[in-house]
Every structure is written in structure tokens, then in C-alpha cells.
Amino acid sequence: QVQLVESGGTLVQPGGSLRLSCAASGRTWSIYAMAWWRQAPGKEREFVSAINWSEANTYYADSAKGRFTISRDTANFMMYLQMTNLKPEDTAVYYCGLKDYTGSYYPRNVRSYDYWGQGTQVTVSS
């Protein structure tokens, strides 16, 4: 079993920056990849970015490219999302997802992920 806890979400003005964190605990040796997804009210959960745990290969949604940077700290089982030039359209609950070593991995497929955190609210507004 793996537990995920997101943090760092807050109210931020358009054009501002924010860093989200996701802490993993439990069976951390099973981590294959981790990802950030977001969900606005009434919307489907949307892929933001993903990172392979061993090789640090990264994947980004078009909306995130050039503005967001995903990273991980393998020693501390942490994943981060550095968000810059934030826009009102980025407003959502941001979720941390984890893929373990069972099954195939499709970074942009929400069903690829085995565990989810509780989410952290990011609100971009003036």
C-alpha cells in the first residue's frame, strides 16, 4: 500500500508562481512513476505532468509545457511541480497519482495510476 499527500496549494495571482509537493509513504519501493493531475469543478480529471521514478523521463500536457516543471527527490520519496506564469485556467484541485510496477504504463491515461492523494487546491485569481 502507498499513501500520497499533496501540499502547497493556495490562492495566487495571475502570473505568479507556486510549488506543489507530493509525499509518498508505505511501499515506496514499488514506485514506477508519479504524476500530477488536476480537476476543476464539473470537469474530468486532466493530465498535467508525469515523471518516471528511475530514469526521470518527463511528460507534459500542452497546457503545462514551458510553464510547469516536474521533478522528484528519490531519497525522500517526494515529487514536485514548479508552476510559473499561472493563469486563471490553472485553477483546480491538483492530485498526485502513483503507478506501481504492475501492468503497462500510459502516462496520460488516468486509469494507469494505482494510488491517489487527497488533492490540494490551487486558485489563480486577482
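The values are calculated or read from the model by the stated rules, or taken from the named source; none is laboratory data. As the structure is a computational prediction, the values presented were derived from the model and not from experiment. When we count neighbours, we look across all protein chains shown, and the Cβ atoms used for this are built from the backbone with ideal geometry, even at glycine. All accessible areas refer to the heavy atoms of the entire protein, side chains included, with ligands and DNA or RNA removed. Shrake-Rupley method; radii C 1.70, N 1.55, O 1.52, S 1.80 Å.
Annotation: extensible slack from Thr102 through Ser125 equals 4.3 nm (criterion: 0.36 nm per residue apart, minus Cα-Cα distance).
Relative contact order of the chain: 36 percent, from C-alpha pairs under 8 Å at least 6 residues apart in sequence. Taking 0.36 nm per residue of sequence separation and removing the Cα-Cα distance, the Thr69/Thr10 pair yields an extension gain of 19.5 nm.
Loop sites only, by DSSP: take the GluC sites (Glu not before Pro) in the chain that have at most 10 other C-beta atoms within 10 Å and name the longest stretch containing none of them. Please list the in-between numbers first.
Details: sites that count: Glu44, Glu55.
Longest run free of exposed loop sites: 56-126.
As a calculated quantity, the FRET efficiency between Glu44 and Gln1 at R0 = 35 Å, using C-beta atoms, amounts to about 0.85.
Ranked by the mean number of other Cβ atoms within 10 Å of their residues, highest first, the peptides 12-25, 94-107, 63-76 fall in the order 94-107, 12-25, 63-76. Computing the accessible area with a 1.4 Å probe over protein heavy atoms, can you report the carbon and sulfur percentage for segment 26-81? It is 46 percent, rounded to a whole number. With viscosity set to 1.567 mPa s at 4 °C, what whole-number translational diffusion coefficient in µm²/s follows for the chain from Stokes-Einstein and a Kirkwood radius over Cα pairs? For the chosen part, D equals 90 µm²/s. Taking label points 7 Å from Cα along the Cα-to-Cβ direction, Thr28 and Gln118 give a separation of 2.0 nm. What segment 10-99 shows is 47 Å² of accessible area per residue, with the surface traced by a 1.4 Å probe over protein heavy atoms.
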